[in-house]
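To start, the structure itself, in structure tokens.
The values are calculated or read from the model by the stated rules, or taken from the named source; none is laboratory data. From a predicted model like this one, the values you see are computed outputs, not experimental measurements. Reconstructed Cβ throughout: ideal geometry from the backbone, glycine too, with neighbour counts over all protein chains shown. Areas reflect the complete protein model, heavy atoms only, side chains present, ligands, DNA and RNA absent. Shrake-Rupley method; radii C 1.70, N 1.55, O 1.52, S 1.80 Å.
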Amino acid sequence: MAIKHVELVPPLVEAGKISELVQSGRAVAASLSPSDNSLAVYIVPLDVSTSKTSTTKQDEAVYLATYDDVPSSERRLFIADTLVIFSMFKSMLHDAKLRDPSWLQTRQALEIIRKLSVDYVNFIKECWIHASQPLSRPEPLQLSSEHYQSLYAMFSLFVVLFVPEPGYEDAPVGEELMEWLNIHFIEPSSEEGDQLSSLDRPWKDENFWPYLTRSTLRGLSKASLFFLDSLLQHPSEDLQDLIKMLIPVVESHPRLSQFTTERDFAYASRKWKDRVKALRVEMDRVPEESRLDDYYNWWDSLSDVLGILEGRGEVIQRVCEELGADWKEVCAAWGIFVDARLRRQDLSDVVADVLDSMPPDPTSLEDMLLSCLFSGHTEQALKHASSFDLWLSAHLADIMEPLGLLDAELDSEPLGVSRRDECVLAYADYLHSDPSLWRITIAYLYSCGKVGEEQGDQVLMRVPLQVGDSGHSPDRLAEIVKEISATCWEYGRESVRRAVCKIASTTLVHSQDYGLAISYSISAEDWTGLGRIIDAVLNEYIQNGPAVFASHASKIAPSLDEIHSNSRTEEIFAHRLMFTVRYSQIHKMRLEKDYSNAASDLVVLLRDEIAPRSWWPVLLCDSVEFLQYNPKLLFSFSDAIELLKKLEEIFIRSSQGSGNDYLTVLIRTLQGGGEKEALERLKTVRLAIARYFARCTVGHG
């Protein structure tokens, strides 16, 4: 791929001051953005290890630049709409892989390829027409109408030369080339014709003979016949006589489309050429002194017209040069008048001879590309197309490859990227300048083998998933993840889908949307991530108290069913999630004054060891409220025994040096102090249990 350059205006460092920058121990550096094609350019010390950290804040210029113009206005619409055709073409090629390898050469396949190629041409034409309209637009055109006009001409020629109608590959190509030339490079202009037709004696005008000659050269028989008919009023009787003979010759010029077989066309062409030769004989009989009128040498001008009809190559080339025409006109006229049976495979020989004396304009990418297509140099044509518009090179290469127009030996090394993939990857890189075009970008990337798949994966994993301050809600994030997941399913990128779900989960944790975060972790089968979310929810209890904790935990409750239905769930994380949800429900019941059920569930969490050991002290401290509840006894005697057993285990294990296994969470809730303070707090639980037993005894008595 071509090396890209970025010009900074004004420059970060003046060209003449580079050496000064180096001598000062600094250099210019750049950092690429992972989400698009932008980069930050700035000055850094050459040797970071020896640079001294300054306490004085210095303002350094940082340039934010991009390699490409981000698609906007009509360009975005053009890109999005042509993707539809590209996708259809890709689908056809995918189906072709399931068929016999030779299927792409069948009439059915070639008809599909031609149809889609013509669809491209028609859409470019519509875009050009739209861009040409003097409309009031919400934003200016990014690319001019002339740009789309050139695209139209180039893609049209490619279709004419390389994607003919099936069955017509070996048919004469002259008429199609002339039709292409007349559509895209209109000469002579209709304004000239209107002006001449308004004159009583048009032959007196200096533009008359050039107009007539070019109309003849272009095969515009109606215009030619109109002005030939006007010459019947010319004062020269010799000219009138010749015109009377010439008009029926022009009228009867054989066209391939008029015949059912090429053989009949060839026969008619030979007979017609005989009539042209007979007219030349009559012209030569005109005396020298009768070949002039009061204005011009009509004989010479008419001789040029006849020379064109005769198919004299040197006359056609000279006339084109005099008229200001170029090589394209000579080549098109060659297939009409010099060799009416000129075939596509023979065109390059004619073009080579013409270009020797009439080379293409080296300053025009369009002219250079057209000359390559005429010459059959498809590889070189792609190079010019890449310089003109990466869209053009990508879509031309996409069609060229299945048609066998690209040299497989020219695959890029060492990655083994085909020429087609190289062009498509370059176009996808251009699309990546706008992250919002990720759907289109990956459609092109995933059509480019392993290299494209790797790049496409990176694009998907970097699709912005903003929430909160950026103006995007969790609902919007969910929509984006849903789109990405559908895309991953379409392209078989399950690992990418899981990675994106992990990213989404992490993003949502930061915005405290724990319910959706857990759902994405489960979908990604990211059990470690699930554990971190559970810890974050439990941390809400420690940092903000039971009410906030219960509110957050209620949103992750639906995930219990989801995680139980997933057979690949790691048991330890399912267990922790269950504890978090059930513990939050205890606090919800407590806040709703449903003390009996809250106390009952608390004991279950301890007795069945659903609660992790590090949370036992916290639950025991919670039990004090229930133990001291005066209206009635909330725990059975056996439940109170269970509380005491857990409490004693904590004291015993702590005395044996294992306090960290039990006391870490309680210590954090105390917001100061350590193991000693935590154990002191638990002594209040022991006292509450002792008093509870006393109440039980009294009540029993």
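Before moving on, here are some points about what is shown:
- When residues of the stretch 95-109 are limited to those that are open to solvent by less than 100 Å² (accessible area, probe 1.4 Å) and assigned to a helix (DSSP H, G or I), the one nearest to Leu405 (Cα to Cα): Leu104
- Residue check for Leu365: open to solvent by 40 Å² or more (accessible area, probe 1.4 Å) and over 30 Å from Ser102 (Cβ atoms): yes
- Helices (runs of 4 or more DSSP H) fully within the stretch 609-689 that include at least 2 residues being surrounded by fewer than 16 Cβ atoms within 10 Å (Cβ to Cβ): 637-655, 660-670.
- Within the stretch 233-263, the set of residues being open to solvent by less than 70 Å² (accessible area, probe 1.4 Å), under 54 Å from the mean Cα position of the chain (by Cα) and without any contact (Cβ under 8 Å) to a residue 24 or more places away in the chain comprises Ser252, Phe259, Thr261.
- Residue match in the stretch 176-196 (condition: outside the structural domain of Tyr211 (by TED's automatic domain parsing), open to solvent by less than 40 Å² (accessible area, probe 1.4 Å), small (Gly, Ala, Ser) and outside any loop (DSSP other than H, G, I, E, B)): no
- Residues that are part of a helix (DSSP H, G or I) and in contact with a Phe, Trp or Tyr (Cβ under 8 Å, 6 or more places away or on another chain) within the stretch 253-277 comprise Leu256, Gln258, Phe265, Ala268, listed in sequence order.
- For the residues Asp389, Asp434, Asp398, Asp421, the requirement of being out of contact with any helix residue (DSSP H, G or I) (no Cβ under 7 Å at 6 or more places or on another chain) and of a type in the set (Asp, Glu) singles out Asp434.
- Restricting attention to the stretch 211-226, the residues being part of a loop (DSSP other than H, G, I, E, B) and of a type in the set (Lys, Arg) number 1.
- Filter result for Leu355 (closer than 30 Å to Asp69 by Cα and under 39 Å from the mean Cα position of the chain (by Cα)): no
Residue-by-condition table, conditions (1) of a type in the set (Ser, Thr, Tyr); (2) more than 30 Å from Leu32 (Cα to Cα); (3) open to solvent by 40 Å² or more (accessible area, probe 1.4 Å):
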position	(1), (2), (3)
Tyr63	yes, no, yes
Arg75	no, no, no
Phe78	no, no, no
Met88	no, yes, yes
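- Selection of the stretch 589-631 for residues being over 22 Å from Ile650 (Cβ atoms) and without any contact (Cβ under 8 Å) to a residue 12 or more places away in the chain yields Glu592, Lys593, Asp594, Asn597, Asn630, Pro631.
- Residues of the stretch 136-154 classified as part of a loop (DSSP other than H, G, I, E, B) and crowded, with 18+ Cβ neighbours inside 10 Å, total: 1
- Subset of the stretch 321-334 (residues that are under 19 Å from Ser221 (Cβ atoms) and of a type in the set (A, V, I, L, M, F, W, C)): Leu323, Ala325, Ala332, Ala333, Trp334
- Residues being in a loop (DSSP other than H, G, I, E, B) and either touching a helix residue (DSSP H, G or I) at 6+ places or on another chain (Cβ under 7 Å) or in contact (Cβ under 8 Å) with a residue 24 or more places away in the chain (or both) - total across the stretch 472-528: 6
- Test result for Ser596, surrounded by 16 or more Cβ atoms within 10 Å (Cβ to Cβ) and either part of a helix (DSSP H, G or I) or more than 56 Å from the chain's Cα centre (by Cα) (or both): no
- Exactly one residue among Asp300, Asp304 is under 20 Å from Gly219 (Cβ atoms) and either part of a helix (DSSP H, G or I) or out of contact with any helix residue (DSSP H, G or I) (no Cβ under 9 Å at 6 or more places or on another chain) (or both), and that residue is Asp304.
- Only a single item in (1) farther than 30 Å from Ala266 by Cα; (2) in the same structural domain as Arg99 (by TED's automatic domain parsing); (3) open to solvent by 50 Å² or more (accessible area, probe 1.4 Å) is not met by Asp356, and it is number (1).
- Entry remark, the stretch 218-232: residues being open to solvent by 30 Å² or more (accessible area, probe 1.4 Å) and either more than 54 Å from the chain's Cα centre (by Cα) or among the polar types (S, T, N, Q) (or both) number 3 in total.
- Val305 falls short on exactly one of the conditions (1) more than 20 Å from Ser252 (Cβ to Cβ); (2) in contact (Cβ under 8 Å) with a residue 12 or more places away in the chain; (3) open to solvent by less than 50 Å² (accessible area, probe 1.4 Å), and that condition is (1).
- Within the stretch 151-162, the residues that satisfy the criterion of being out of contact with any Phe, Trp or Tyr (no Cβ under 7 Å at 6 or more places or on another chain) and under 26 Å from His130 (Cα atoms) are Leu151, Ala153, Met154, Phe158, Val159.
- In the stretch 197-210, the residues that are closer than 15 Å to Leu323 by Cα, open to solvent by 20 Å² or more (accessible area, probe 1.4 Å) and either in a helix (DSSP H, G or I) or not assigned by TED's automatic domain parsing to the domain that holds Asp293 (or both): Pro210
- Among the numbered conditions (1) of a type in the set (A, V, I, L, M, F, W, C); (2) open to solvent by 50 Å² or more (accessible area, probe 1.4 Å); (3) farther than 27 Å from Arg201 by Cα, the only one that Leu292 does not meet is (3).
- Unique match (being more than 27 Å from Cys621 (Cβ to Cβ), open to solvent by 60 Å² or more (accessible area, probe 1.4 Å) and of a type in the set (Ser, Thr, Tyr)) among Ser495, Ser473: Ser495
- Just one residue in the set Ser386, Ser393, Ser371, Ser436 is at pLDDT below 95 and part of a helix (DSSP H, G or I); that residue is Ser436.
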